[in-house]
Structure formats: C-alpha cells, structure tokens
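For reference, the structure discussed in these notes is given below.
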Amino acid sequence: MNVTMPSLSQIQMTRTNPAHVGSAKLSILGQENSNQIQNEKTMGSFESYLVNAVSSMNSQQLDVSRVQEQLITDPDSVDIHDVTTAMAKAQMSLSLAQTVIDRLVTGWNELSTNR
C-alpha cells in the first residue's frame, strides 16, 4: 500500500495571529475548510464564551445521566465503553470549569487588593 505524504512545496505554513509574521492561516493546498476555520474563529464577547463553555459542560453532564439511565434500564443497548467515555469527558469538563473559576476568583482578588 503506497501512502504519499505531501511534499514541502504542497504545505504552506502561514500565521493566524496578526501579531505574527504573515496574515494567512495554516493550510495544506487543496483544503476546502479554510473558510470554515476562519468562520469558527470569529471574535465574541467573554460572556458568550463563558456561557457556551458552561452549556457545553452541562450537556456533557446530562449525557452521562442519560447514558447511565439507559445502562440501568436496558443494559444490552449500551456499550460500557460509551458510559466510561462519557463519564471521563464530563469529569474533565467539570475539572476544567473548576480550575477556570478558581483562577478567575484568584485574579479578581489580586486585582481588587492592588488598587
């Protein structure tokens, strides 16, 4: 089986951050997802990022509850690996949320004491 790797002439590395040299994004020639990637990186407010993150964390917690309930009611319809994966994702998102909240509170306390 022959697998061809793109040559260096096919890969164009450019920067997405305007502070870096260059103005285009990282891409491989022939990719059609460049506009989609650019649209996903649109700027939003901190509030919208926070609300999206909390709603994502909440949906993962609800997914775990749904899969656990399905495991109890109909064990043959659910793979135990799906339950384990859902629980790990929910635990990781909750841990990340706790870390972010702790750092925000610590930062706010530092700012308020440094007036």
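Got a number for the accessible area of Asp102? Probe 1.4 Å, square angstrom, nearest 10.
100 Å²
With labels modelled as points extended 7 Å from the Cα through the Cβ direction, what inter-label distance (nm, one decimal) is found for Asp76 paired with Asn109?
5.5 nm
For Ala86, what is the net charge nearby, where nearby means another residue's Cβ is under 13 Å from its Cβ and Lys, Arg count +1, Asp, Glu -1?
Net charge in that neighbourhood comes out at -2.
As an exercise, use a Förster radius of 35 Å and the Cβ-Cβ distance of Glu69 and Thr99 to find the FRET efficiency, rounded to the nearest 0.05.
0.75
The values are calculated or read from the model by the stated rules, or taken from the named source; none is laboratory data. On a predicted model such as this, the values are computed, not experimentally measured, just so you know. For neighbour counting, all protein chains shown are included, and Cβ atoms are generated from backbone atoms with ideal geometry for every residue, glycine included. Side chains included, ligands, DNA and RNA excluded: accessible areas come from the protein's heavy atoms. Shrake-Rupley method; radii C 1.70, N 1.55, O 1.52, S 1.80 Å.
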